[in-house]
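Report on one structure; see the data block that follows.
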């Protein structure tokens, strides 16, 4: 009996959560199919339908479901006659009915999670429609092409290692391409949702998830073309570079949590150092105009293939350097890899840690990669940036570079 009462409480919560959103979202004089009272009733109807069918016969549930379907269709037809063509509430009610049944069948967490996801999508109506308006044909084609290529290529790629050091696994390499591109795509989506001109710090934070190195190069080149915005672009470089550390931490945490734990505090400190530097600069020049940031879709085929090649070479060189030159060779390979992609060497070190290298060596290797990546960004700003951008970037990234070097020295004495 206690289990049933707990299930009823969960069903009522699910119904009220979605019903509350539907009530809140409707116009003041608009009539809706179901609201904060009706949705809990629909959930309870699904719950009792499952209960009765378990006592009697399973086919009885189909009768209850068909009856509810008929009611929903009639409600939709009535709304459509009045010129309201939608169906979101009706579809939501179907799902609530099924969630109520799932709760009776013993699923508690899954229906709650689904209800929260539904509520999120319902409440983001304006933002999602705005996002669709900002998506262009190139975004759609790039994403579709990578998806199709993945579906075709992935099944035929051999899932075994080969090569001189037995470290190159074609299927794993492509999985890592999709994994890293997916992280970048999340940042790209958020930029599209918020708008690329929402604010230099906010947009750069998200841009750092896409690619801090690519964003640095883009903003540096723009600083020469649009010199009045050089200060903004410098802030963007610092902020995006800060996100690089959190991106590395996320990749390592997903692939090897044992390595992520000791790296958590230093990587977060490095990121905070850059973010604080950005905020200090911003407050000193609070009246500067905002600047838009342009980023390419990370699901573009060319970018995906290039990263796949870089990752394959990185993991090969890291293993070769370790075999022939020991830990010092691995550090050199990490520093070299950091010039182009911290992601690739982070994945490689995460895979090597535990079986081939110790914790201390893995931590130092990651640091060598982030240090070299910071240096290359400072170099990019020096070669292609305006004087103002150089000043801002060197001050901001300089703080992060000093923090990284000091921590590397500490590790060297351990």
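A Förster radius of 30 Å, combined with the Cβ-Cβ distance separating residue 302 from residue 227, puts the computed FRET efficiency at roughly 0.45.
Multiplying the residue separation of residue 88 and residue 13 by 0.36 nm and removing their Cα-Cα distance gives an extension gain of 25.0 nm.
Label separation (residue 4 vs residue 23): 2.8 nm, computed from points 7 Å beyond Cα along the C-beta direction. With each label modelled as a point 7 angstrom along the Cα→C-beta vector, the residue 323-residue 269 pair spans 3.7 nm. The simple Förster model, with R0 at 35 Å and r as the Cβ-Cβ distance, assigns residue 179 and residue 411 a FRET efficiency of 0.80.
For the pair residue 123 and residue 156 in one chain, pulling the backbone fully straight at 0.36 nm per residue adds 7.8 nm over the alpha carbon distance. As a rough guide to protection, the peptides 269-281, 400-412, 55-67 ranked by mean Cβ packing within 10 Å, highest first, stand as 269-281, 400-412, 55-67.
The numbers here are math on the coordinates, done by the rules we state, and not lab data. Model, not experiment: these values are computed from the prediction. Please note: Cβ atoms are built from the backbone with ideal geometry, for glycine as well, and neighbour counts cover all protein chains shown.
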